[in-house]
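Enquirer: The structure that follows is given in the form of structure tokens.
The values are calculated or read from the model by the stated rules, or taken from the named source; none is laboratory data. This one's a predicted model, so the numbers in the text were calculated from it and none came from an experiment. Here Cβ is always computed from backbone atoms with ideal geometry, including for glycine, and neighbour counts include all displayed protein chains. The area values use the complete protein model at the heavy-atom level, side chains included, leaving out ligands, DNA and RNA. Shrake-Rupley method; radii C 1.70, N 1.55, O 1.52, S 1.80 Å.
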Amino acid sequence: MSDLVKLAVIYYSATGTGTQIATEIARAAEEAGAEVRVRKVAELAPQAAIDSNPVWAAHHAATKDVPAPTLADITWADAVIFGSPTRFGNVSAQLKQFIDTLSPLWQSGELADKVYSGFTSSGTRHGGQETTLIALYNSIHHFGGIIVPPGYTDPVKYVDGNPYGTSHHAVWGPELGSIDDDTRNAARHQAVRTVRIARALKLGAIRSAAQVNA
Ligand SMILES: Cc1cc2nc3c(=O)[nH]c(=O)nc-3n(C[C@H](O)[C@H](O)[C@H](O)COP(=O)(O)O)c2cc1C
């Protein structure tokens, strides 16, 4: 068993904010020595709804080649970082639909003992960011997962101010779909911390297995 941490970043994004955060998390995790898979869950909205918003339509087209997650990605991963824009203070239907396909892995116990964390964005300044992350983490409790929130474990967290996960205020306008340095820094810290904790758990499992077999 290798101590290389495998991280799956599984997210939904309509207008690109989530894609930017996922990209930053993936980059930082790879720099921290993890193997990373970035997966965007399937769109569920009708094409007419997508086409009614030019930013959504453009982002939908631009990300059409990002692979959708499979159950095998979850089985493969030591750590999973989920991301969803807030939808009325809750997880998007698109991400939730994927989570709801995980039942077979839940039944076989394969969701347990992995490390999980989450990120979000909202159209207003706070707008349900923390409730969205807590709603996401409800499911992780049912998995028997190990939630690794960023807390205030780094000075950057006093800047973005969300101890539950990375979050961004996605302002409607020309900047929609981009993130600023505060969010980028929070995403990087979350990625590195998640990889570090997952690595410590993996090393611990390897060492205790070696002791049992000695
Ligand atoms: C159905 C729906 C519900 C939303 N609910 C909220 C909300 O409760 N609070 C908020 O601030 N923004 C809300 N928004 C705005 C989105 O959260 C925002 O557009 C999103 O964070 C942008 O992320 P993305 O670029 O990754 O799609 C909502 C948007 C939609 C379409």
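Enquirer: Out of all the residues in region 111-143, which are assigned to a loop (DSSP other than H, G, I, E, B), open to solvent by 30 Å² or more (accessible area, probe 1.4 Å) and either more than 16 Å from the ligand (Cβ to nearest atom) or closer than 17 Å to Tyr12 by Cβ (or both)? Please lay out each step first, then the result.
Expert: At the first step, the residues of region 111-143 found to be assigned to a loop (DSSP other than H, G, I, E, B) are 111-114, 123-128.
Then keep just the ones that are open to solvent by 30 Å² or more (accessible area, probe 1.4 Å); that gives 112-113, 123-127.
The answer is Ala112, Asp113, Gly123, Gly127.
Enquirer: What are the residue pairs meeting all of these: first residue in region 26-50, first residue closer than 14 Å to Val80 by Cα and at pLDDT 95 or above, second residue among the acidic types (Asp, Glu) and open to solvent by less than 40 Å² (accessible area, probe 1.4 Å), Cβ atoms under 8 Å, and 6 or more apart or on different chains?
Expert: Arg37/Asp73; Arg39/Asp73
Enquirer: Can you tell me how many residues in region 159-204 are among the β-branched types (Val, Ile, Thr), at pLDDT 95 or above and within 16 Å of the ligand (Cβ to nearest atom)?
Expert: Here the count works out to 3.
Enquirer: Scanning region 1-38 for residues that are within 14 Å of the chain's Cα centre (by Cα) and open to solvent by 40 Å² or more (accessible area, probe 1.4 Å), which turns out farthest from Arg196 (Cα to Cα)?
Expert: My answer is Gln20.
Enquirer: Could you please find all residues in region 144-194 being assigned to a helix (DSSP H, G or I), out of contact with any Asp or Glu (no Cβ under 8 Å at 6 or more places or on another chain), buried (at least 22 other Cβ atoms within 10 Å of the Cβ) and not β-branched (Val, Ile, Thr)?
Expert: If the condition is that a residue be assigned to a helix (DSSP H, G or I), out of contact with any Asp or Glu (no Cβ under 8 Å at 6 or more places or on another chain), buried (at least 22 other Cβ atoms within 10 Å of the Cβ) and not β-branched (Val, Ile, Thr), then Gln190 is the only one that fits.
Enquirer: Of (1) over 23 Å from Leu7 (Cα atoms); (2) among the small types (Gly, Ala, Ser); (3) surrounded by 22 or more Cβ atoms within 10 Å (Cβ to Cβ), Ala57 satisfies all except one. Which?
Expert: (3)
Enquirer: Within region 195-214, which residues are over 25 Å from Ile21 (Cβ atoms), of a type in the set (A, V, I, L, M, F, W, C) and assigned to a helix (DSSP H, G or I)?
Expert: Let us first name the residues in region 195-214 that are over 25 Å from Ile21 (Cβ atoms), namely 203-214.
Next cut, of a type in the set (A, V, I, L, M, F, W, C) only: 203, 205-206, 209-210, 212, 214.
Listed by number, the residues that qualify are Leu203, Ala205, Ile206, Ala209, Ala210, Val212.
Enquirer: Please indicate, with yes or no, whether at least one residue in region 129-142 is free of Cβ contacts under 8 Å to residues at least 12 places away in the same chain and more than 17 Å from the chain's Cα centre (by Cα).
Expert: Initial filter on region 129-142 (free of Cβ contacts under 8 Å to residues at least 12 places away in the same chain): 138, 141.
From the residues that got through so far, the ones that are more than 17 Å from the chain's Cα centre (by Cα) too are none.
For region 129-142, residues free of Cβ contacts under 8 Å to residues at least 12 places away in the same chain and more than 17 Å from the chain's Cα centre (by Cα): absent.
Enquirer: Among the residues that make up region 205-213, is at least one of them among the basic types (Lys, Arg) and modelled with pLDDT under 95? Full working, then the answer.
Expert: Let us first name the residues in region 205-213 that are among the basic types (Lys, Arg), namely 207.
Narrowing further to those that are modelled with pLDDT under 95: 207.
The answer is yes; a qualifying residue exists.
Enquirer: Is region 73-84 home to any residue that is crowded, with 17+ Cβ neighbours inside 10 Å, over 21 Å from Gly145 (Cα atoms) and not small (Gly, Ala, Ser)? Break it down stepwise before answering.
Expert: Step one: of region 73-84, the residues crowded, with 17+ Cβ neighbours inside 10 Å are 73-74, 77-84.
From what's left, over 21 Å from Gly145 (Cα atoms): none.
No, there is no match, as no residue in region 73-84 is crowded, with 17+ Cβ neighbours inside 10 Å, over 21 Å from Gly145 (Cα atoms) and not small (Gly, Ala, Ser).
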